[in-house]
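Asker: Questions regarding the structure given below will be posed in turn.
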Amino acid sequence: MTAIFRKELNNYLNSLIAYIVIILFLVFSGLVMWVFPDTNILDYGFAEMNSFFAFTPFILLFLVPAITMRTLAEEYKTGTIEFLLTKPLEESKVITGKFLGAWCISILAILPTLIFYFSLRNLGSPMGNIDSGSVAGSYFGLILLAGVFTSIGVFSSSLTDNQVIAFIIGTFLCYVLFDGLGQLAGLFSGTPEFFMNYLSLKFHYNSLGRGVIDTRNIIYLASLAFVFLFSSVLIIRFKRK
């Protein structure tokens, strides 16, 4: 698994994909934070990063599938998946290594945005007038959310040898699970509405953003990522037969 992880990470860092994704993420998140009239913090006048954490998941649900679309689709297309699986490696270790490599790239894209926090901390009046606990919880939730998106992207890539199709499937699933279920919940009331909201990634992501680390939110996000990764393993096993 470690060898697969290192190979994937090196492949990303030795290609333009990682750098393009990181640059695009920083540009779009920076525009949301500092430039766009409806979301920029300078016009808002309060030292908080709510607009950043509200819009960043929508950026990630496009960029993360762009990172992961090649993880297995390219292996299928080139035929190297057969060579990879003939090595003394279990399918689960192959999937986990590829997942960790892609997730690391997503985390590397998120980490530079910490400069936004330190900038706001210094711009606040008085200096440091920012809810650091809420920001820390939101960053933690954002990294976990990127992990779930990555697992969805790997799953989508395991379905096809076409990277474009893998990207479309991954983006669609990320959107449905993050925001789509919440939108559908508005059509109902009572228990069905609460149940659909609870299943959405946005519900648990927002809960972590309040600055309180609830293990139920962590368990749900981790479990969902595990389901998609395990499904990827099953698909590979099926295709080997």
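Asker: Which residues, counting only those in segment 64-77, are in a helix (DSSP H, G or I), in contact (Cβ under 8 Å) with a residue 40 or more places away in the chain and surrounded by fewer than 24 Cβ atoms within 10 Å (Cβ to Cβ)? So that I can check it myself, show each step before the final result.
Answerer: Applying the first criterion (in a helix (DSSP H, G or I)) to segment 64-77 yields 64-68, 73-77.
Narrowing further to those that are in contact (Cβ under 8 Å) with a residue 40 or more places away in the chain: 64-68, 73-74, 76-77.
The answer is A66, A73, E74, Y76, K77.
Asker: Can you name every residue in segment 193-215 that is in a helix (DSSP H, G or I), closer than 19 Å to Y139 by Cβ and out of contact with any Lys or Arg (no Cβ under 9 Å at 6 or more places or on another chain)? Walk me through how you get there before you give the answer.
Answerer: We begin by selecting, within segment 193-215, every residue in a helix (DSSP H, G or I); these are 193-199, 201-208, 215.
When the remaining residues are screened for being closer than 19 Å to Y139 by Cβ, the result is 201-208, 215.
Selection gives L201, K202, F203, Y205, N206, L208, T215.
Asker: Moving on to the next point. Given the options E48, E82, name the one that is at pLDDT below 85 and either among the β-branched types (V, I, T) or assigned to a helix (DSSP H, G or I) (or both).
Answerer: On the way: E48 fails: either among the β-branched types (V, I, T) or assigned to a helix (DSSP H, G or I) (or both).
Unique residue meeting the criteria: E82.
Asker: Name the helices (runs of 4 or more DSSP H) wholly inside segment 90-192 in which the number of residues that are buried (at least 17 other Cβ atoms within 10 Å of the Cβ), at pLDDT 90 or above and of a type in the set (A, V, I, L, M) is 3 or more.
Answerer: Working: elements: 91-110, 114-123, 132-159, 163-175, 181-185.
By residue number, 91-110, 132-159, 163-175.
The values are calculated or read from the model by the stated rules, or taken from the named source; none is laboratory data. Keep in mind that this is a model prediction, so the values were computed, not measured. Reconstructed Cβ throughout: ideal geometry from the backbone, glycine too, with neighbour counts over all protein chains shown.
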